[in-house]
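Quick notes on the structure that follows.
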Amino acid sequence: MKTSYLKFIFIIIAAVCSFGVTDSMSQVKLGFVDSETILKQLPEAQKVQAELEGLQKLYLDTIQTKETEIKSKADIFKSRYDDAQKRVESGLIKSESEMKALQDEISELQKEVQALDENLTLYKQTIQNVLIARQSELFKPVKEKITKTIEEIAKSMKINFVFDKADGTLLYGDKEFDITFKVLDKLK
């Protein structure tokens, strides 16, 4: 948080210094917004956040169920493994075929627990990607509305640049000050 604030301050200082040098651009106006505050108070954003939290809870419940299943299988594996060790140590298992059957049973249980764990890890990764995509999809209209409003207000107040206080990003820049193609021409 502190580094983003310092970054924000640095960007403002750099913008003021670079635009304050020329005579024709001596009236550069800067503004800022706090996107976190906007998102917390905007009803559409609150609705989207509630929907995302509901989805996340649904997925977390599924994950918890899968984790419980893995724990149960792991407990069965441990119990059978401990039982098998006791039977081998006490001499109850004497033949090669009994030993092989016991090893196969333990190996099969171990593979089952590992497969469940791998499936859970894959499920968590998939869900994380789904939630990120859904968040982006749901917030897109909200962000577009916010951006459009920022541009309208900046133009009406004759503000040349608007930064986001939360992370220091440029949200609006007057096209008059865009030097991208001048830089490209000079580089060519």
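Considering only alpha-carbon pairs that sit under 8 angstrom and 6 or more positions apart, the relative contact order computed for the chain is 41 percent. Proximity of backbone amide H atoms, modeled 1.01 Å from N, is registered between Tyr172 and Val162 at under 5 Å, excluding neighbours fewer than 5 places apart on the same chain.
The Rg/Rh ratio of the range 39-139, with both radii computed over alpha carbons and Rh defined as the Kirkwood radius, is 1.32.
Amide H contacts of Lys29: Asn160, Phe161, each under 5 Å away and 5 or more positions distant or on a separate chain (H built 1.01 Å from N in the peptide plane; Pro and chain starts excluded). Sorted ascending by nearby beta carbons within 10 Å, beginning with the fewest, Ile63, Ile146 become Ile63, Ile146.
Basic side chains Lys and Arg get +1 at the Cβ, acidic Asp and Glu get -1 at the Cβ, and with that the dipole of the chain about its Cα centre reaches some 740 debye.
Annotation: extensible slack from Leu42 through Asp83 equals 8.7 nm (criterion: 0.36 nm per residue apart, minus Cα-Cα distance).
Given springs between every Cα pair under 10 Å in a Gaussian network model of the chain, which of Lys140, Lys155, Lys100 has the largest fluctuation? Sorting by GNM fluctuation, first place goes to Lys100.
Every number in this text was worked out from the coordinates using simple rules, so none of it is lab data. Note that the structure is a prediction, hence the values are computed from the model and not measured. Because the Cβ atoms are built from the backbone with ideal geometry, glycine has one as well, and the counts that use them run over all protein chains shown.
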